[in-house]
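Pasting a structure below so you can have a look.
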There are 2 protein chains.
Amino acid sequence: MTGGESLLRTLVAGGIDTCFMNPGTSEMHFVAALERVPGLRGVLCLYEGVCSGAADGYARASGRPAATLLHLGPGLANGLSNFHNARKARSPVVSIVGEHATAHLKVEAPLTSDIQAFARTVSRHVRTVTSADDVGPAAAETIAAAWGPPGEVAMLIVPANFSWSDTLVPGAPAPRQFPRLPARDALEGAARLLRVPGTAILLGGQSVNARGLDAAGRISAATGTRIFIARNVAKIAAGRACFTAPQVPYFPEAAIPFLAEIKNLILVESERPVSFFAYPGTPSYMTADDTSHFTLAARGEDGVTALEILAYGLPGATLPQVQIPQAPLGDVALTLDHIGLTLAALLPENALISDEMVSSAGKVLAHLRTAAFHEFMPVAGGSIGQGLPLATGAAIACPDRKVIALEGDGSGMYTLQSLWTMAREKLDIITVIFANRRYRILDIEMQRTGARGFGPQAENMLDIGNPDLDWAGISQGLGVPATRATTARQFTEQFQDAMKRAGPHLIEALLV
Amino acid sequence: MTGGESLLRTLVAGGIDTCFMNPGTSEMHFVAALERVPGLRGVLCLYEGVCSGAADGYARASGRPAATLLHLGPGLANGLSNFHNARKARSPVVSIVGEHATAHLKVEAPLTSDIQAFARTVSRHVRTVTSADDVGPAAAETIAAAWGPPGEVAMLIVPANFSWSDTLVPGAPAPRQFPRLPARDALEGAARLLRVPGTAILLGGQSVNARGLDAAGRISAATGTRIFIARNVAKIAAGRACFTAPQVPYFPEAAIPFLAEIKNLILVESERPVSFFAYPGTPSYMTADDTSHFTLAARGEDGVTALEILAYGLPGATLPQVQIPQAPLGDVALTLDHIGLTLAALLPENALISDEMVSSAGKVLAHLRTAAFHEFMPVAGGSIGQGLPLATGAAIACPDRKVIALEGDGSGMYTLQSLWTMAREKLDIITVIFANRRYRILDIEMQRTGARGFGPQAENMLDIGNPDLDWAGISQGLGVPATRATTARQFTEQFQDAMKRAGPHLIEALLV
């Protein structure tokens, strides 16, 4: 077999069943081997940022790594910002990057670049294959590194000559390592702190899944401990049937008073909260300087079981009674509240939501608390262009679940090529574009930074409504059926219609 | 003034009049200062790869650097692949990247990343500002580094607190350094070699402009020396009124016999030719091992004047008589030859062509030799997604010249957001999309690599026609009027119509 085939066989042996790819010349032997090795689904993406974001979505939705296949340094460069997001979400990803044949590296070919340098910007595991016989073992190592725990974007760089040469050596993937329970000291220390007034728990990592939140809810009900959710999480269990806790607010002027009273903060797969950005005169840490921080479970440890141990024997938390909302049907101009109500009323059980609403998030999220059980995948790394690829990967990982992409019109433009892959793979995704035709978050940030002299020149740099983006037209051009809603009734009816069918649909929700 | 304002003032003092930007929170003080500092045109792009490619196009078209403004490490990451192309084209670019406030870097904020590491992948000049007073001097240094010669993508990283703090220090840009003439030994050595049979000249860098080609043509006419053009050049003077020389062929099996007879190769702002990719059993260098290589002008030296010195007193080369072609008007299925003929017949004097035709290039280029004088900007670095941004920047640099973007349907998808900026800025660009609905170049490469077992699974990874991209619809959705041509007559008529108007137009040339 070729090295390329050995790579594929190792991936399949290691449980990798999907590869999001945008291949080039150096990867042709890998692509050709798809024919001979069953078990790996190649998913073509028309831009590398779609590949990396889809792998992140696949990992968040399923808990398992997918592979990506990118072409040389520049191909990897195009995928880096969504790998950055995947890194911050601790998503396991097996990232394969083709390299020139080793003999070709001595010459300055047009596409020659320092791939290791590109890779190290988002990964601690960067492994370059050294021979055809090394392809399999190196791939097995990379799979293990991706799994962690915690999950990682693990990089495997494969020179073309090792991919095209023959080898008899397949890789033998190691057994998966599972998260370990924290040490007894951590469990006992947290148990003591739960008896002290002014203690709160900050949930991150896996601990915001349904089991972790249930345990945290029982602890809170029994002890009065406040529970918070960190901002940089991969996927939160949510909806009316689920104990919920507030996320630490985005802006520091809200987050600081919110966390001010905490004497002891128990960290579960999370870190001391920091603000997204710095502002003149604002601290970076959001908890007070005299708050003490106690780690119950570090990253990669089993925070869920740790919470369950602390909650052992405690009765279930009483969830607040919520009224199931009605989808609005008024012939009135569409608002964020309408969208939130429609989603809350019509969301099917066990949906996956990919969130990149940015400035539109607050109002919509308030309504989603009353929706059926769902899992919510927020912005983890803050690099724009995550939402549509994430939905793409999640839908491939979970074909039996409805996926909803809630996407800003500015952020959606970064990786709009995702829509084509949704169409090609007939993915069951409803995309809602929040078309306010502004970089609205920057309007807010511009005022908050205290920048003087905001006028038409600067204003023009935040205005994406000149000319208007016709999202419905763009979507149809990329193969995804689309409609535009300007009233509450239109949005509800379009969402209902889309929900009746499997396959992708886009609703441009016009908010101006 | 703020540091942000000092930065702007330094840019304007250094002759920078355009900034392609996609700003974020950390860059708001720079954006706000646009209001107070006249002379810098902010051009908003909806994706960073458009910013970096547009700056490359601006530099290639005008010979002068533009600035880019990108947001933190991930924003820079999205721009890297077109910066890679700019680097290979030796285009001067002043790349400004916002960074978190320095005090905020000690915490692991979501968007924290190693910006220097991202920057060093494409630049030797990476300068991080160290205080508000350092903003201006650091910007002046960066402008000087961008100019070179040779031109460079020079990086300036600006922490937000130095941008928002006050300073009294503006930057004082140094006088521009011009390329120097090569040493006398180089000129005399080359003159001697021109008298030896089997000598050829390989033109690169600036030496493929109209003056350089004219001098090379006179040398060739007088001495019989063969002239070639390197592949990795930024902009080639071309058309029927211009001495022309063949580019070194792309594929090694063509390039190797093409260059086989050369005993001495005189390099003018170029290097020994190498193949784009390596293939089993094929050398990386395209000239024979016994060819000797002599550098007349190194990168950054004045190869044009060096050629003029060698051509001193020689009469002008006789250009071949070419018949000015007729634009085809048949009601027959559109072919590449039809497109080439139409372009050759209708191209206005002094047009700029941005080429990313990829597999479609050969046939079209053969016809362009008979067109009016134009300048042709080819793929320099090989990273896909160059063409549309390059045209965008070129049109902003040269509003009085028609710009033609010749773009593959696969490569065009990488940075299609460019179309919105063309619409917003009303740029005089005709974009032709070569819609063959395949990654056609990979069909060719797949066969050439000798990869076995090419079948439906692999085939599916090269097919971008399922679903079909509706390029005309996408273009209209992004604000650029568009038409689709399926016959020779339609293409000619649509091109004629577009040529009559200023402003952007896209023609989807359907080739299947």
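The values are calculated or read from the model by the stated rules, or taken from the named source; none is laboratory data. Given the structure is predicted, the values throughout are model-derived calculations rather than measurements. Cβ placement follows ideal geometry from the backbone for every residue including glycine, while neighbour counts extend to all protein chains displayed.
Counting only residues that are more than 14 Å from chain A (Cβ to nearest Cβ) and in contact with a strand residue (DSSP E or B) (Cβ under 6 Å, 6 or more places away or on another chain), give me the helices (runs of 4 or more DSSP H) lying completely in segment B:355-420 with at least 3 of them.
Numbers: elements: B:361-368, B:387-397, B:409-412.
Per the criteria, B:387-397.
Here is a follow-up. Identify, please: which residue in segment B:268-307 is polar (S, T, N, Q) and closer than 21 Å to B:LYS88 by Cα and is, among those, nearest to the other protein chains (Cβ to nearest Cβ)?
Restricting attention to segment B:268-307, the residues satisfying the condition of being polar (S, T, N, Q) are B:270, B:275, B:282, B:284, B:287, B:291-292, B:295, B:305.
If we keep only those that are closer than 21 Å to B:LYS88 by Cα as well, we get B:270, B:275, B:284, B:287, B:295.
Numbers: B:SER270: 11, B:SER275: 7, B:SER284: 5, B:THR287: 11, B:THR295: 15 Å.
So, considering only residues that are polar (S, T, N, Q) and closer than 21 Å to B:LYS88 by Cα, the one nearest to the other protein chains (Cβ to nearest Cβ) is B:SER284.
Which is assigned to a helix (DSSP H, G or I) and in contact with a helix residue (DSSP H, G or I) (Cβ under 7 Å, 6 or more places away or on another chain), of B:ILE227, B:ILE266, B:ILE219?
Details: B:ILE227 fails: assigned to a helix (DSSP H, G or I); B:ILE266 fails: assigned to a helix (DSSP H, G or I).
The unique qualifying residue is B:ILE219.
Can you tell me which residues in segment A:235-253 are farther than 25 Å from A:ASP214 by Cβ and either of a type in the set (Asp, Glu) or at pLDDT 95 or above (or both)? It would help to see each step written out before you state the result.
Our first condition is that a residue be farther than 25 Å from A:ASP214 by Cβ; within segment A:235-253, this holds for A:250-253.
Across segment A:235-253, the qualifying residue is only A:GLU253.
Return a yes/no flag: does segment B:22-37 have any residue that is over 23 Å from the mean Cα position of the chain (by Cα), more than 7 Å from chain A (Cβ to nearest Cβ), surrounded by 24 or more Cβ atoms within 10 Å (Cβ to Cβ) and of a type in the set (D, E, K, R).
yes
Can you give me the number of residues within segment B:89-116 that are in contact with a strand residue (DSSP E or B) (Cβ under 9 Å, 6 or more places away or on another chain), outside any strand (DSSP E or B), farther than 26 Å from A:ALA89 by Cβ and not polar (S, T, N, Q)?
2
Hey, any hits in segment B:289-304 for a residue that's assigned by TED's automatic domain parsing to the domain that holds B:SER207, in a loop (DSSP other than H, G, I, E, B) and more than 30 Å from B:PRO182 (Cβ to Cβ)? Show your work before the answer.
From segment B:289-304, those assigned by TED's automatic domain parsing to the domain that holds B:SER207 are B:289-304; that's our starting set.
Keeping just the survivors that are in a loop (DSSP other than H, G, I, E, B) gives B:289-291, B:298-300, B:302.
If we keep only those that are more than 30 Å from B:PRO182 (Cβ to Cβ) too, we end up with none.
The answer is no; no qualifying residue exists.
Among what's in segment A:99-122 and is polar (S, T, N, Q) and within 7 Å of chain B (Cβ to nearest Cβ), pick the residue that is nearest to B:ILE115 (Cα to Cα).
Here is the first cut: in segment A:99-122, the ones polar (S, T, N, Q) are A:102, A:112-113, A:116, A:121.
Restricting the remaining residues to those that are within 7 Å of chain B (Cβ to nearest Cβ) gives A:113, A:121.
Values: A:SER113: 17, A:THR121: 8 Å.
Among them, the one singled out is A:THR121.
Hey, another quick one. Test B:GLU253 against the stated conditions and say whether it is more than 13 Å from every other protein chain (Cβ to nearest Cβ) and not in a loop (DSSP other than H, G, I, E, B).
Working: more than 13 Å from every other protein chain (Cβ to nearest Cβ): yes; not in a loop (DSSP other than H, G, I, E, B): yes.
When the stated conditions are applied, B:GLU253 passes them.
Follow-up question, since we're still on this one. If I filter segment B:494-512 down to residues being assigned to a helix (DSSP H, G or I) and free of Cβ contacts under 8 Å to residues at least 24 places away in the same chain, which single residue comes out as surrounded by the fewest Cβ atoms within 10 Å (Cβ to Cβ)?
At the first step, the residues of segment B:494-512 found to be assigned to a helix (DSSP H, G or I) are B:494-500.
Still in the running and free of Cβ contacts under 8 Å to residues at least 24 places away in the same chain: B:494, B:497, B:500.
Numbers: B:GLN494: 22, B:ASP497: 13, B:LYS500: 6.
The residue in question is B:LYS500.
While we're here: Can you name the condition, by its number, that B:SER91 falls short on among (1) within 13 Å of chain A (Cβ to nearest Cβ); (2) in contact with a Lys or Arg (Cβ under 7 Å, 6 or more places away or on another chain)?
Of the numbered conditions (1) within 13 Å of chain A (Cβ to nearest Cβ); (2) in contact with a Lys or Arg (Cβ under 7 Å, 6 or more places away or on another chain), the odd one out for B:SER91 is (1).
Right, here's the next one. Quick check on my filter: what residues within segment A:138-154 are within 15 Å of A:LEU7 (Cα to Cα) and not hydroxyl-bearing (Ser, Thr, Tyr)?
Of segment A:138-154, the ones within 15 Å of A:LEU7 (Cα to Cα) are A:138-144, A:154.
A:ALA138, A:ALA139, A:ALA140, A:GLU141, A:ILE143, A:ALA144, A:ALA154 - these are the residues of segment A:138-154 that are within 15 Å of A:LEU7 (Cα to Cα) and not hydroxyl-bearing (Ser, Thr, Tyr).
Follow-up. Read through the list (1) touching a helix residue (DSSP H, G or I) at 6+ places or on another chain (Cβ under 9 Å); (2) closer than 27 Å to B:GLY151 by Cβ; (3) modelled with pLDDT of 95 or more, then give the number of the only condition that B:ASN350 fails.
Failing condition for B:ASN350: (1).
A further question follows. Would you point out which residue out of A:GLY42, A:GLY79 is free of Cβ contacts under 8 Å to residues at least 60 places away in the same chain, under 18 Å from A:GLN417 (Cβ atoms) and not in a helix (DSSP H, G or I)?
Working: A:GLY79 fails: not in a helix (DSSP H, G or I).
After applying the criteria, what remains is A:GLY42.
Just name the residue that is nearest to A:SER270 (Cα to Cα) out of those in segment A:199-249 that are touching a strand residue (DSSP E or B) at 6+ places or on another chain (Cβ under 9 Å) and among the basic types (Lys, Arg).
That would be A:ARG231.
Next up: Looking at segment A:260-271, which of its residues are surrounded by 18 or more Cβ atoms within 10 Å (Cβ to Cβ) and either free of Cβ contacts under 8 Å to residues at least 12 places away in the same chain or closer than 20 Å to A:ILE236 by Cβ (or both)? Show your work before the answer.
From segment A:260-271, those surrounded by 18 or more Cβ atoms within 10 Å (Cβ to Cβ) are A:262, A:264-270; that's our starting set.
Matches in segment A:260-271: A:LEU265, A:ILE266, A:LEU267, A:VAL268, A:GLU269, A:SER270.
Got a number for residues in segment A:58-88 being farther than 22 Å from A:SER163 by Cα, within 8 Å of chain B (Cβ to nearest Cβ) and of a type in the set (Gly, Ala, Ser)?
Count: 1.
OK, next. Check whether at least one residue in segment B:88-110 is farther than 28 Å from A:PRO249 by Cα, modelled with pLDDT of 95 or more and surrounded by fewer than 24 Cβ atoms within 10 Å (Cβ to Cβ), and report yes or no.
no
Here's another thing I want to ask about it. Which of the residues belonging to segment A:149-181 are surrounded by 19 or more Cβ atoms within 10 Å (Cβ to Cβ) and under 25 Å from the mean Cα position of the chain (by Cα)?
Hits for segment A:149-181 are A:PRO149, A:GLY151, A:GLU152, A:VAL153, A:ALA154, A:MET155, A:LEU156, A:ILE157, A:PRO179.
So which residues in segment A:174-204 are part of a helix (DSSP H, G or I) and in contact with a Pro (Cβ under 7 Å, 6 or more places away or on another chain), if there are any at all? Please lay out each step first, then the result.
First pass over segment A:174-204, keeping only residues part of a helix (DSSP H, G or I): A:184-193.
Once the filter is applied, which keeps residues that are part of a helix (DSSP H, G or I) and in contact with a Pro (Cβ under 7 Å, 6 or more places away or on another chain), segment A:174-204 yields nothing.
Taking only segment B:345-354 into account, find how many residues are assigned to a helix (DSSP H, G or I) and crowded, with 24+ Cβ neighbours inside 10 Å.
Of the residues in that region, 0 qualify.
Let me spell it out: the conditions are (1) more than 8 Å from chain B (Cβ to nearest Cβ); (2) in a strand (DSSP E or B), and A:ALA55 meets all of them except one. Which number is the exception?
Only one criterion is unmet by A:ALA55, namely (2).
Scan segment B:44-87 for residues that are among the polar types (S, T, N, Q) and surrounded by 24 or more Cβ atoms within 10 Å (Cβ to Cβ) and jot them down. Full working, then the answer.
Keep residues of segment B:44-87 that are among the polar types (S, T, N, Q), which gives B:52, B:62, B:68, B:78, B:81-82, B:85.
Those that are among the polar types (S, T, N, Q) and surrounded by 24 or more Cβ atoms within 10 Å (Cβ to Cβ): B:SER52, B:THR68, B:ASN78, B:SER81, B:ASN82, B:ASN85.
Name every residue in segment A:326-343 that is closer than 17 Å to A:ARG240 by Cα, of a type outside the set (A, V, I, L, M) and in a helix (DSSP H, G or I), in order of residue number.
A:GLY340, A:THR342
For segment A:434-476, which positions are of a type in the set (S, T, N, Q), surrounded by fewer than 19 Cβ atoms within 10 Å (Cβ to Cβ), assigned to a helix (DSSP H, G or I) and facing chain B (nearest Cβ under 8 Å)? I'd like the intermediate steps shown before the answer.
Residues of segment A:434-476 of a type in the set (S, T, N, Q): A:436, A:447, A:449, A:457, A:460, A:466, A:475-476.
Checking which are surrounded by fewer than 19 Cβ atoms within 10 Å (Cβ to Cβ) leaves us with A:447, A:460, A:466.
With the extra rule that they be assigned to a helix (DSSP H, G or I), the set shrinks to A:447, A:460.
Hit for segment A:434-476 is A:ASN460, nothing else.
Quick one: which of A:ILE143, A:ILE115 is touching a residue at least 12 places away in the same chain (Cβ under 8 Å), surrounded by 19 or more Cβ atoms within 10 Å (Cβ to Cβ) and under 23 Å from B:THR121 (Cβ atoms)? Spell out the reasoning first.
Values: A:ILE143 fails: under 23 Å from B:THR121 (Cβ atoms).
Being touching a residue at least 12 places away in the same chain (Cβ under 8 Å), surrounded by 19 or more Cβ atoms within 10 Å (Cβ to Cβ) and under 23 Å from B:THR121 (Cβ atoms) holds for just one of A:ILE143, A:ILE115, which is A:ILE115.
Still on this structure: Would you point out which residue out of A:PRO257, A:PRO249 is in contact with a Phe, Trp or Tyr (Cβ under 6 Å, 6 or more places away or on another chain), surrounded by fewer than 20 Cβ atoms within 10 Å (Cβ to Cβ) and of a type outside the set (S, T, N, Q)? I'd like the intermediate steps shown before the answer.
Numbers: A:PRO257 fails: in contact with a Phe, Trp or Tyr (Cβ under 6 Å, 6 or more places away or on another chain).
Only one candidate qualifies: A:PRO249.
Against the conditions (1) assigned by TED's automatic domain parsing to the domain that holds B:PHE228; (2) free of Cβ contacts under 8 Å to residues at least 60 places away in the same chain, where does B:GLY205 fall short? Just the number, please.
Exception for B:GLY205: condition (2).
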